[in-house]
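The values are calculated or read from the model by the stated rules, or taken from the named source; none is laboratory data. Remember, predicted model here, so these are calculated numbers, not experimental data. No Cβ is skipped: glycine too gets one built from the backbone with ideal geometry, and neighbour counts run over all protein chains shown.
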Amino acid sequence: MLTSVEGVYRNGKIELVEQPNSVPDETRVIVTFLAPKGIDLRALGVDKAQAAEIRDSLSSFAEDWNRPEMDAYDDYDAAKAKLQTR
């Protein structure tokens with residue numbers, strides 16, 4: 001049986017979001033690290049108030065950033081590297 005539980009890797013340990021049901025201690029696991037979905041502002045020393053201030057100051061750009069044609073920049077580094085190998 002496979003059981004999936006979300007967690008976060010921090011300081012060399014995996015912190016689970018919830019405790020899995022009926023999984024005994026000492027059960028072997030395989031951990032797969034996922035690419036981050038965003039930037040961890042707390043890790044960069046930015047609190048909620050500062051984040052709100054930054055968001056407000058950049059809100060005038062949101063309409064342009066959210067246009068479908070801007071999706072090309074979502075993985076800019078990979079696309080650039082691909083072009084350079086041609």
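Could we say that TYR9 is in contact (Cβ under 8 Å) with a residue 12 or more places away in the chain and on the phi < 0 side of the Ramachandran plot here? Against the criterion (in contact (Cβ under 8 Å) with a residue 12 or more places away in the chain and on the phi < 0 side of the Ramachandran plot), TYR9 qualifies. Residues that are at pLDDT 85 or above, among the small types (Gly, Ala, Ser), under 30 Å from SER4 (Cβ atoms) and assigned to a helix (DSSP H, G or I) do not occur anywhere in segment 52-70.
May I ask you to verify whether VAL46 is assigned to a loop (DSSP other than H, G, I, E, B) and touching a strand residue (DSSP E or B) at 6+ places or on another chain (Cβ under 7 Å)?
On the way: assigned to a loop (DSSP other than H, G, I, E, B): yes; touching a strand residue (DSSP E or B) at 6+ places or on another chain (Cβ under 7 Å): no.
Judged against the criteria, VAL46 is not a match.
Candidates are the residues of segment 1-29 that are in a loop (DSSP other than H, G, I, E, B) and within 20 Å of the chain's Cα centre (by Cα); the one that is farthest from ASP75 (Cα to Cα) is GLU18.
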